[in-house]
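Comments concern the structure below.
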Amino acid sequence: MKKDLISINDLSVQEIRDIFALTDKLKKDKAKFSNVLTGKTLALIFQKPSNRTRVSFEVGMYQLGGNSIYLAPQEINLGVRESIEDVAKTLSRYVDAIVLRTYKHEDIIEMAKYSRIPVINGLSDFEHPCQALADVYTLKERCKSLKDITLAYVGDGNNVCNSLVSVCFKLGIKMRVACPLGYEPRVKVGLNLFYQPKEAVEDVDIIYTDVWTSMGQEKEAQKRRKDFKDFQVNKELVSLAKKDVLIMHCLPAHRGEEITDEIINSKNSIVFDQAENRMHVQKAILIKLLKNKA
Ligand code: CP
Ligand code: NVA
């Protein structure tokens, strides 16, 4: 593995498979791994709110015998109180790894450049790699073969979508993206783009959606509600997919906007399996990046 996990592109196909194999072991025998990161400390620096990412990393680190420190936006005040370079160089003397959630993706790259320790992307404006890895792991648990499934992502071509496009391309999962004109993902590898959600979901095995307005875009919320009004994942849209279609969402959801209550609560929904697997997959990532490092 490279020192840092900033993008899905930091991982080879084999490394992704190794992370998933270790995740299987962690889920089967939690007690066996309860001391692997004893004495290690993880710093979580977040410029935006979080439920899943913060809690799953903190609890995951605890379950592996390690410790974590959460640093809220006002605490470190990245780039304002002091430079990213100085934060990176200081924390490298105290802790063993950093999870960073930022607005600008470039800030994570800069933190990694000046850190002696691993830096993990906990969400930026460009990517959310830990989410996409947990999502594909969830699909691996559910589906016979990843090569036989088609996933339709309906909504904003945002950070979550970018990481999903990358990981699906790497692992040979067929993926379609349906978004309004002007909201296409920035990652283009193997991109199969649609502007009509109904066409994109026809006969698919999985429908995935995310919020129309991501954190930091709140001023655009009203315009986005208009632009995305035909992209809601609801009963009518879902009826065009396979009968046993799986419904995915990274959460938090804006129920009644990008997805209806009925669909997110339906028996086809696996959104809380995704949320749970964030912790298991991230434990594997932490072990891979930290174990046996001085
Ligand atoms: N999916 C996800 O990253 O959730 P949080 O923003 O709550 O961490
Ligand atoms: N696209 C969303 C994902 C939240 C986990 C955001 O960036 O706010």
Residue check, Val80 against (1) more than 16 Å from ligand 1 (Cβ to nearest atom); (2) touching a helix residue (DSSP H, G or I) at 6+ places or on another chain (Cβ under 9 Å), all met but one. Which one?
(2)
Test result for Val238, under 16 Å from Lys174 (Cα atoms) and away from ligand 2 (no atom under 16 Å from the Cβ)
no
Going by the conditions given, is Val87 over 30 Å from Asn268 (Cα atoms) and open to solvent by less than 10 Å² (accessible area, probe 1.4 Å)?
yes
Residue by residue through segment 56-75, note down the ones that are open to solvent by 40 Å² or more (accessible area, probe 1.4 Å) and either more than 16 Å from ligand 1 (Cβ to nearest atom) or in contact (Cβ under 8 Å) with a residue 24 or more places away in the chain (or both).
Val59, Tyr62, Asn67, Ile69, Tyr70, Pro73, Gln74, Glu75
Is it the case that Ile6 is farther than 15 Å from Leu91 by Cβ and open to solvent by less than 40 Å² (accessible area, probe 1.4 Å)?
yes
Do any helices (runs of 4 or more DSSP H) lying entirely in segment 234-294 carry at least 1 residues that are surrounded by fewer than 16 Cβ atoms within 10 Å (Cβ to Cβ) and within 15 Å of the chain's Cα centre (by Cα), and which ones are they?
271-290
Could you please find all residues in segment 99-143 being more than 16 Å from ligand 1 (Cβ to nearest atom) and open to solvent by 20 Å² or more (accessible area, probe 1.4 Å)?
Lys104, Glu106, Asp107, Ile109, Glu110, Lys113, Tyr114, Arg116, Lys140, Glu141, Arg142, Cys143
Being out of contact with any strand residue (DSSP E or B) (no Cβ under 6 Å at 6 or more places or on another chain), open to solvent by 30 Å² or more (accessible area, probe 1.4 Å), polar (S, T, N, Q) and under 19 Å from Ile109 (Cα atoms), is that true of even one residue in segment 22-44?
no
In the list Arg81, Arg17, Arg93, which residue meets the criterion of being farther than 20 Å from Leu123 by Cα, exposed (fewer than 14 other Cβ atoms within 10 Å of the Cβ) and in contact with a Lys or Arg (Cβ under 9 Å, 6 or more places away or on another chain)?
Arg93
When segment 151-199 is examined, which residues are found to be of a type in the set (S, T, N, Q) and open to solvent by 20 Å² or more (accessible area, probe 1.4 Å)?
Asn192, Gln196
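The values are calculated or read from the model by the stated rules, or taken from the named source; none is laboratory data. Please read these numbers as outputs of a predicted model, since none were measured by experiment. All Cβ positions, even for glycine, are placed from backbone atoms using ideal geometry, and neighbour counts span all protein chains on display. Surface accessibility is based on the protein's heavy atoms, side chains included, excluding ligands, DNA and RNA. Shrake-Rupley method; radii C 1.70, N 1.55, O 1.52, S 1.80 Å.
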